[in-house]
1. Find, among the GluC sites (Glu not before Pro) in the chain, those assigned to loop by DSSP (not H, G, I, E, B) with at most 12 other beta-carbon atoms within 10 angstrom.
2. What per residue convex hull volume, in Å³, do the alpha-carbon atoms of segment 1-44 yield?
3. Can you tell me the length gained on complete extension of the stretch Leu44 to Tyr67, counting 0.36 nm per residue apart and subtracting the Cα distance?
4. In a shell of Cβ-Cβ distance under 12 Å around Arg9, excluding Arg9 itself, what net charge do Lys and Arg (+1) and Asp and Glu (-1) give?
5. Using a simple spin-label model with points 7 Å from Cα along the Cα→Cβ vector, what separation in nm is obtained for Leu5 and Arg75?
6. With +1 on each Lys and Arg Cβ and -1 on each Asp and Glu Cβ, and nothing else charged, work out how big the dipole of the chain is about its Cα centre, in Debye to the nearest 20.
7. For the chain, what does the relative contact order come out to in percent, with C-alpha contacts under 8 Å and a separation of six or more?
8. Cα axis of helix 60-71 to longest principal axis of the chain: angle in degrees, 0 to 90, nearest 10?
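We did not get these values from a lab; they are worked out from the coordinates using the rules stated. As the structure is a prediction and not an experimental result, all values here were calculated from the model. Here Cβ is always computed from backbone atoms with ideal geometry, including for glycine, and neighbour counts include all displayed protein chains.
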Amino acid sequence: MLAPLPLYRLVYRSKSSVEMHEKALAGLLRQARLHNQSANLTGLLLYAQGRFLQVLEGPEPALSDLYARIKTDPRH
Ligand SMILES: Cc1cc2nc3c(=O)[nH]c(=O)nc-3n(C[C@H](O)[C@H](O)[C@H](O)COP(=O)(O)O)c2cc1C
């Protein structure tokens, strides 16, 4: 049996650049869940008073790829 890939955890916080209404947040979550599931990533995304806190867990390459995209997202 193959050894399981080591699990990495990434936690960051950021400030939203646009006001995130319920509909926008629901869209973001839907997109994130779809992608994260297919990349074997799990996590948590909190939003309150214009700030995000996200925890992401999974294999390193998938995590780095996603973080590179999240970092350039104009919504924060
Ligand atoms: C606060 C925040 C958290 C995000 N979290 C995720 C996430 O967990 N998974 C994901 O696929 N996209 C997430 N996104 C969206 C990505 O930044 C990006 O739009 C998405 O991965 C699609 O990238 P692409 O257009 O380069 O394919 C998040 C965006 C923001 C603003």
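1. Values: sites: Glu19, Glu22, Glu57; in loops: Glu19.
Passing sites in the chain are Glu19.
2. It is 85 Å³ per residue.
3. Details: separation 23, 0.36 × 23 = 8.28 nm, distance 1.39 nm.
Extra length available between Leu44 and Tyr67 comes to 6.9 nm.
4. On the way: positive: none; negative: Glu57, Glu60.
Computed value for this residue: -2.
5. That separation, rounded to one decimal, is 2.4 nm.
6. On the way: 10 positive and 6 negative charges, 43 e Å.
About 200 debye.
7. Working: 83 pairs, mean separation 34.1, N = 76.
Rounded, it is 45 percent for the chain.
8. 10 degrees
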